[in-house]
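Q: Provided herewith is a single structure, encoded as structure tokens, for subsequent inquiry.
Values in this text are rule-based calculations from the coordinates and carry no lab data. Fair warning: this is a prediction, and the values are worked out from it, not measured in the lab. Note: ideal-geometry Cβ built from the backbone for every residue, glycine included; neighbour counts use all protein chains shown.
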Amino acid sequence: SAPTARSAATDLADLRRQVEAHDVVVRLEGTTFDQPGLHSYLHRLTSGDLFVAAEVESIEAARGGNVESSSESPGASVAKFTVRIVVRPGWGLPGGPTLEELQAAEAAASTAATTTLPEPNADVEQLDPADGATP
């Protein structure tokens, strides 16, 4: 039998289902002398709007990791790590930003744009040349 004709809308719906089924994940590998700093950094990443989760997948002493060569952390050994970061879904995807969030962000930006800032040097005493004052 002949293949059925698929519409662009059907193809788009299929693609959307496939994309929605998966998270966008970023994996980072690196080394650090500051393991608590790495954990703190990952915690700060998830406090913003861009990332849903950030976690250490593995961390171990690197080869030669007992070499104390960090000038910033004397006595620290180097650790090799792998980090998994989940990116927040985009507009229109489950778990992504909503219209209400967009409107709230636009309102906040509008308020920030209309906030009156003090004039530059408003707190600096101005010299009046008529008084014979010179800069």
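Q: Go ahead and run the numbers for FRET between H39 and V87, Cβ-Cβ distance against an R0 of 22 Å, rounding to 0.05.
A: Given R0 = 22 Å and the Cβ-Cβ separation, E is 0.65.
Q: Here is a further query. Tell me, in nm to one decimal, what length is gained between A108 and L50 on full extension, where the rule is 0.36 nm per residue of separation less the Cα-Cα distance? If you can, show how the numbers build up before the last one.
A: Values: separation 58, 0.36 × 58 = 20.88 nm, distance 1.79 nm.
Going from the current span to full extension adds 19.1 nm.
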